[in-house]
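Quick notes on the structure that follows.
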2 protein chains.
Amino acid sequence: MKSKEVRERIRRGEFQKNTSGACDEYVQANVVILPKEFAFDFFLYTYRNPKACPLIEVLEAGEYESRLAKGSDIRMDIPLYHVFINGKLHEKRGDIRDLYQDDYVTFLLGCSFTFESQILNNGIYLRHVDYKKNVAMYKTNMETEPAGRFSGPLVVSMRPIANEHLEKVIEITSRFPNMHGAPVHIGDPSKIGIEQIECPDYGEFVEMKDNETPVFWACGVTPQAAAVRANIPVMITHAPGHMFITDWTNDDFLYEIGEKIPSSSE
Amino acid sequence: MKSKEVRERIRRGEFQKNTSGACDEYVQANVVILPKEFAFDFFLYTYRNPKACPLIEVLEAGEYESRLAKGSDIRMDIPLYHVFINGKLHEKRGDIRDLYQDDYVTFLLGCSFTFESQILNNGIYLRHVDYKKNVAMYKTNMETEPAGRFSGPLVVSMRPIANEHLEKVIEITSRFPNMHGAPVHIGDPSKIGIEQIECPDYGEFVEMKDNETPVFWACGVTPQAAAVRANIPVMITHAPGHMFITDWTNDDFLYEIGEKIPSSSE
């Protein structure tokens, strides 16, 4: 199915589940919607933390059509929204048109579904995909660069990778700097402050085999966690796994092997 | 001289001229200081127009030490400031400490001095440097991507380049995506809406020889022009040519040949 068709099914309420595996070749995005009053600080937070918050688009206050998806409506083209009031999850719903205000600013961030699809295309096994589980995510002892009200630990996702495929997986993910890029840590979880690998802070744990190594990537939950901690009056995000599907393909964001991949913090 | 030494001389009022050629190996930056109320729109304008507005740092409201220059003070380390009130140049001065407010946000943008120094190092002649003139700049018929209050034409700088060196100059400047990068136009000025090449909108014209071609680059005056047009109550910038000198070297921002150079608008 084309991305536009899936968005239309979502809009009509016919597609309400998570979007993992839907429209594999299209870029899916994390979504954060905030009042403009907080938008500069959040923009700066993404600029200073590009691995966790790889910005792919910013809509202006009151805008709801993404330039990455013609005819889209960010207020109803996501299967499930989370509404946070004063930093607490207040409501889950499938349409936010009646909540959306003229001063709301929308940020779209790259998502690891892009590199996961590329890993799978290379014939490499991802257990959480096989088990149809949400990837395991952990708060680390690595602090993000604060910006204004926004601060907090780097949140990472973890995938057990067969040792023989480690190099290939690093190479593939390095080529998607706008989708979290190369791993931030490989191996010993305690080195980044994770004490119990079996007990993720978000998502679900999947077992690890003897010939596998845990690999950790910066995760799009980081900015959500920072925004919750910032305790702002109202913030709306996608529900984990229920992403915004753009018309851009994964290949549009792929860098060639051998390129130096820049980041705004360099 | 080291960048820090020049900044200290500027701070003591001993260096008041333009910074072209001072500290050749260090990155110099365009500076725009705005009240936070307008900072999100301006941030978005730079994000949407990366060739004209290559962001290299954003300071938070009230901050005045750049992370790119330890011990610096953005309120007095620039030889000459321009103060705009309601979109009009109101005052030129060498110190803005008594004007600076807690809600002022500072943006640093890459500057063509970086690639000019690299062009000269390659033994290629730049007439305006030889004549110690400000480079010629023109408004074009190319519109920038608007963002909030900010909009306007792309402003370009023009340098006559000997035909035998055209390829080399394109290559050199392409490798500095954070300093305006590759040219936006080469050859016929009328194609980009410039009717009288002898009459630049800013800076000074230098003659062109028969074996030379005019080459046009996106220019850091673009965001200043957009900010003036936006008619905001107060904005402070560097005076043209009187830049902020960082501790980063030009090489820190150099990309290797053969790399695909990304931009946020891709």
Subject >> Cα-projected label distance for A:T249 with B:E65, points at 7 Å along beta-carbon direction, nm >> reply: 5.0
Original post:
Hey, what do the phi angles of region A:236-245 turn into as Karplus ³J(HN,Hα) couplings, whole Hz, using 6.51/-1.76/1.60 and θ = phi - 60°, x for Gly and Pro?
Top reply: 10, 10, 6, 6, x, x, 9, 9, 8, 9
Original post:
So, in nm, how far is label B:Q16 from label B:D201 when the simple model puts each one 7 Å beyond its Cα toward the Cβ?
Top reply: 3.1
Subject >> Positive-pole candidate from A:S3, B:I33, B:W248, dipole of the protein assembly as shown, charges at beta carbon >> reply: B:I33
**OP:** Over every pair of different alpha-carbon atoms in region A:79-153, take the mean of 1/r and invert it; report that Kirkwood radius in Å.
**Re:** 16.4
Original post:
Shortest first, in nm, what separates the label point of B:E65 from those of the same position in the other copies (7 Å along Cα→Cβ)?
Top reply: 4.7
Original post:
So what's the net charge close to A:L154: Lys and Arg +1, Asp and Glu -1, counting the other residues with Cβ under 9 Å from its Cβ?
Top reply: +1
Original post:
Taking amide H positions as placed 1.01 Å from N in the peptide plane, with prolines and chain starts having none, which residues 5 or more places from B:M142, or on another chain, fall under 5 Å of its amide H?
Top reply: B:L154
Subject >> Amide H contacts of B:E57 (H built 1.01 Å from N, under 5 Å, at least 5 apart or other chain) >> reply: B:L108
Original post:
In bins 10 Å wide, starting from 0, what share of all Cα pairs of the protein assembly as shown does each bin hold, as a percent?
Top reply: 4, 18, 26, 25, 17, 9, 2, 0
**OP:** Note down the nm distance, to one decimal, between modelled labels 7 Å out along Cα→Cβ at A:S190 and at B:L89.
**Re:** 6.5
Original post:
With a ≥ b ≥ c the root eigenvalues of the C-alpha gyration tensor of region B:1-159, is it rounded (a/c under 1.5), prolate (a/b larger than b/c) or oblate?
Top reply: oblate
**OP:** About the Cα centre of region A:113-221, how large is the charge dipole given +1 on each Lys and Arg Cβ and -1 on each Asp and Glu Cβ? Please answer in debye to the nearest 20.
**Re:** 320
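So how do A:V135, B:V156 line up by other beta-carbon neighbours within 10 Å, fewest first?
Fewest-to-most ranking of A:V135, B:V156: A:V135, B:V156.
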Original post:
Per the helix-only calculation at 222 nm, which mean residue ellipticity applies to chain A, given -39500 (n - 2.57) for every DSSP H run of n ≥ 4 and division by its residues, nearest 500 deg cm²/dmol?
Top reply: -5000 deg cm²/dmol
Subject >> Given B:K88/B:K139; B:K51/B:K132; B:K17/B:K133; A:K2/A:K70, the pairs whose alpha carbons are separated by over 21 Å >> reply: B:K51/B:K132
Original post:
Among B:Q224, B:Q16, B:Q196, whose mean-square fluctuation peaks in a Gaussian network model of chain B (Cα, cutoff 10 Å)?
Top reply: B:Q196
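Taking N as the number of residues in region B:113-221, what is its alpha-carbon radius of gyration divided by 2.2 N^0.38 Å?
1.04
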Subject >> Distances in nm from B:D102 to the matching label points in the other copies, shortest first (labels 7 Å along Cα to Cβ) >> reply: 3.0
**OP:** Taking the Cα centre of chain A as origin, sum charge times position over the Cβ atoms of Lys and Arg (+1) and Asp and Glu (-1), and report the length of that vector in debye to the nearest 20.
**Re:** 500
**OP:** Please compute the net charge surrounding B:K209, taking Lys and Arg as +1 and Asp and Glu as -1 over other residues with Cβ under 14 Å from its Cβ.
**Re:** -3
Original post:
How big is chain B on each of its three principal axes, counting only the C-alpha atoms and giving the largest first in Å?
Top reply: 52, 40, 35
**OP:** Using a cut-off of 11 Å between beta-carbons, work out the net charge of the residues near B:D102 (Lys and Arg +1, Asp and Glu -1, B:D102 not included).
**Re:** -2
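When the dipole is taken about the Cα centre of the protein assembly as shown, and only Lys, Arg (+1) and Asp, Glu (-1) are charged at their Cβ, what size is it in debye, to the nearest 20?
The dipole magnitude comes to about 820 debye.
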Original post:
Taking the label point as lying 7 angstrom from Cα along the Cα-to-Cβ axis, what are the distances from A:K191 to the corresponding position in the remaining copies, in ascending order and in nanometres?
Top reply: 5.2
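The numbers here are math on the coordinates, done by the rules we state, and not lab data. Since the model is a prediction, treat every value here as computed from it, not as a measurement. Cβ sites come from the backbone with ideal geometry, for glycine too, and all protein chains shown count toward neighbours.
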